[in-house]
Protein chains: 2
Amino acid sequence: MASDDGDRDYVQSLDRGITVLLAFDAEHPEPSLAELAQLTGFSRPAVRRFLITLERMGYVRSNGAGRWSLTPRVLSIGQHYTETHALIELAQPHLLSLAERTSESASLATLDGDEVVYVARVPVRRIMSINVSVGTRVPAHATSMGRVLLAWAPPVVVDEVLTGRPLRAVTPNTLTDLDDVRAELSRVRAQGWSIVSEELEIGLLSASAPVRDRSGEVVAALASSTSVGRSDAETLRRDVVPLLVDAADRLSASLGAAERVS
Amino acid sequence: MASDDGDRDYVQSLDRGITVLLAFDAEHPEPSLAELAQLTGFSRPAVRRFLITLERMGYVRSNGAGRWSLTPRVLSIGQHYTETHALIELAQPHLLSLAERTSESASLATLDGDEVVYVARVPVRRIMSINVSVGTRVPAHATSMGRVLLAWAPPVVVDEVLTGRPLRAVTPNTLTDLDDVRAELSRVRAQGWSIVSEELEIGLLSASAPVRDRSGEVVAALASSTSVGRSDAETLRRDVVPLLVDAADRLSASLGAAERVS
DNA sequence: TCCAGATGTACGCTTTGCGTACAGGCTGAC
DNA sequence: GTCAGCCTGTACGCAAAGCGTACATCTGGA
């Protein structure tokens with residue numbers, strides 16, 4: 001029925017059920033059954049079955065009237081990612097001390113596809129227009145964390161991210177020329193850290209350094225973010241980058257990383 | 001086949017698929033197919049189908065060898081809870097300012113069953129032995145946030161939580177006598193806030209105040225947490241509670257709450 | 001009162017998803 | 001080197017799980 005061939009060994013109901021769960025979003029925080037059916041494209045009885053299932057599992061709740069909403073149990077799904085990645089727990093003290101020493105928000109992020117995902121964070125003040133939290137995704141090519149992660153990523157991955165789709169100019173300052181980005185990546189690789197200024201959002205300024213696992217592979221980026229009003233690239237480089245690199249190295253060490261290879 | 005009758009309208013595959021996803025935990029961060037089959041009790045081919053499905057959806061990744069792990073995309077499921085609850089976004093500035101003014105961690109939590117779930121948080125230093133993050137759950141009866149949430153919860157809910165199962169003595173100080181807890185709840189209701197000392201963990205001390213929605217219903221608790229080394233109940237009451245209640249009231253106001261009803 | 005729009009239910013068909021059984025591959029012990 | 005014991009991948013036939021159409025029911029507003 002579906003066009004593709006690879007339908008074998010694919011569990012349709014799981015996909016559909018999660019699709020229903022994810023249909024709850026900012027635009028539809030309390031959808032009705034009919035609304036969900038329309039959003040997902042499934043029949044109303046089907047959506048109803050999924051809702052009943054999700055309700056029994058505790059992820060969804062009917063508010064009496066015909067409206068449904070997500071329960072905080074949904075958050076516990078993400079906990080399993082956190083639990084299974086020792087890095088995140090180990091990073092906590094380093095994030096806290098970095099945030100305290102710099103009086104700025106500190107973040108840890110990972111690459112997923114062509115996006116950077118925040119996996120741990122200590123916010124100090126609001127710097128971005130969007131509310132950054134664990135799980136938030138931003139385009140890799142326009143952020144210091146993305147630059148760090150790409151700088152040491154396997155060439156295949158870098159190519160996928162950079163040429164997979166055209167590099168979007170998120171702000172007027174975003175590097176979008178392929179050669180420029182590649183040159184920047186090799187600069188980052190050489191100096192061991194990255195500073196990006198107003199490429200993701202006007203007024204936003206951040207610095208990142210790589211975190212390595214025991215095999216020396218870069219598995220995460222540690223970042224400190226501020227705004228152009230409070231600091232500037234030069235100050236960041238002088239005052240923050242040493243702290244940042246130090247914190248990243250110590251975090252790497254606690255992951256059992258060998259001393260920096262290159 | 002399953003003993004219960006209510007199997008109708010229940011989508012087994014959704015339940016099973018999520019069960020597989022949740023089988024990844026601290027004890028099994030990189031399970032093999034066979035391991036997952038054993039953990040979940042499903043047949044290996046079944047587990048394989050779920051893994052393939054989850055992999056295509058981007059939640060799970062095979063690490064080349066026969067081991068699987070969760071991807072950060074799992075975190076984005078929780079984002080949908082955050083997105084659909086305006087409260088959480090609105091709370092951010094209040095959490096930040098509370099954390100700054102008290103130099104202590106600030107948290108926002110909600111009741112789910114007999115547990116309190118952290119839904120937003122600004123950590124300042126590590127206070128608990130476990131790493132508290134958004135999604136973390138703690139028993140309601142032993143925490144200041146739980147006391148606040150129960151103090152204004154419908155009697156049915158309170159009864160379920162308090163009599164559903166015996167109140168566990170998490171520490172030697174935990175209130176476990178039903179009458180004591182009920183008395184404490186009415187005290188909380190009268191004074192408008194709660195302080196709990198070393199009932200959840202030795203050395204841990206926290207204060208909470210209720211957050212109300214526009215209908216006046218208490219929908220969350222705002223908390224400030226510290227350790228007995230850094231403060232004590234009396235100091236907390238004098239210095240922190242006013243700030244806390246003020247922040248909670250302003251957050252309530254931004255939710256459009258009417259003035260406090262009682 | 002009646003209509004519009006919603007949710008709940010029944011039911012028969014299809015195909016999805018199931019597990020058994022077998023093939024193939026890797027690793028380590030002897 | 002070879003065999004045993006583990007694993008993952010695949011085939012296949014069967015049962016039932018999940019499907020959507022069609023209809024009943026309820027609610028609120030005109």
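Taking the C-alpha atoms only, the angle from helix B:178-191 to the longest principal axis of chain B is near 60 degrees. The residues of the protein assembly as shown have, on average, 44 Å² of accessible surface per residue, using a 1.4 Å probe with all protein chains present.
For the pair the stretch A:8-52 and the stretch A:94-130, the centres of their Cα atoms are 32 angstrom apart.
Distances between equivalent label points of residue A:93 across the copies, with each point positioned 7 Å along Cα→Cβ, amount to 3.6 nm, shortest listed first.
Distance from the C-alpha centroid of the stretch B:53-81 to that of the stretch A:201-230: 23 Å, rounded to the whole angstrom.
Shown in residue order for the stretch A:84-91 are the 3J(HN,Hα) couplings computed by the Karplus curve 6.51 cos²θ - 1.76 cosθ + 1.60 at θ = phi - 60°: 8, 10, 3, 2, 5, 5, 5, 6 Hz (x for Gly and Pro). To put it simply, the accessible area of the stretch B:85-254 at a 1.4 Å probe is 51 percent carbon and sulfur.
Interface area, chains A and B: about 5600 Å² of buried accessible surface, summed, with a 1.4 Å probe and ligands, DNA and RNA left out. Across the stretch A:12-75, the relative contact order, built from alpha-carbon pairs under 8 Å that are at least six residues apart, equals 30 percent. Here the Debye sum runs over all C-alpha atoms of the protein assembly as shown as equal scatterers in vacuum, and log10 of I(q)/I(0) at q = 0.09 Å⁻¹ comes out as -0.70. Surface composition of the stretch B:12-71: carbon and sulfur atoms hold 45% of the protein heavy-atom accessible area at a 1.4 Å probe. Distance between the 7 Å Cα→Cβ label points at residue A:213 and residue B:55: 1.7 nm.
Would you please classify the overall shape of the stretch A:100-258 from the alpha carbon gyration tensor, given that a ≥ b ≥ c denote the square roots of the eigenvalues, rounded means a/c under 1.5, and beyond that prolate means a/b larger than b/c while oblate covers the rest? Rounded shape, in that the Cα axes give a/c under 1.5. Subtracting the Cα-Cα distance of residue A:86 and residue A:38 from their residue separation scaled by 0.36 nm leaves 13.2 nm. Residue by residue, the stretch B:42-50 carries 3J(HN,Hα) couplings of 8, 5, 4, x, 4, 4, 4, 4, 5 Hz when phi is fed to the Karplus relation 6.51 cos²θ - 1.76 cosθ + 1.60 (θ = phi - 60°); x denotes Gly or Pro. Rounded, prolate or oblate: which fits the stretch B:54-106 when a ≥ b ≥ c are the square roots of the eigenvalues of the alpha-carbon gyration tensor, with rounded for a/c under 1.5 and prolate only if a/b beats b/c? Taking the square roots of the gyration eigenvalues as a ≥ b ≥ c, the stretch B:54-106 is oblate. Net charge near residue A:33, counting Lys/Arg +1 and Asp/Glu -1 over other residues with Cβ under 10 Å of its Cβ? Residues near residue A:33 contribute +2 overall.
Under a 5 Å amide H cut-off, with hydrogens placed 1.01 Å from N, residue A:220 pairs with A:211 among residues at least 5 apart or on other chains.
Taking a quarter of the surface of the Cα convex hull of the stretch A:17-121 gives a mean projected area of 8.9 nm².
Distances between copies at residue B:69, taken between label points 7 Å from Cα along the C-beta direction, are 3.7 nm in increasing order. Between copies, residue A:25 shows label-point distances of 3.1 nm, shortest first, with the point placed 7 angstrom from Cα along Cα to C-beta. Rounded to whole Å, give me the distance from the Cα center of the stretch A:132-151 to that of the stretch A:234-251. That distance is 18 Å.
The values are calculated or read from the model by the stated rules, or taken from the named source; none is laboratory data. Note that the structure is predicted; figures quoted are calculated from it, not measured. FYI the Cβ positions are ideal-geometry reconstructions off the backbone, even for glycines, and counts take in every protein chain you see. Note: accessible area is taken over every heavy atom of the protein model, side chains too, but ligands, DNA and RNA are not part of it. Shrake-Rupley method; radii C 1.70, N 1.55, O 1.52, S 1.80 Å.
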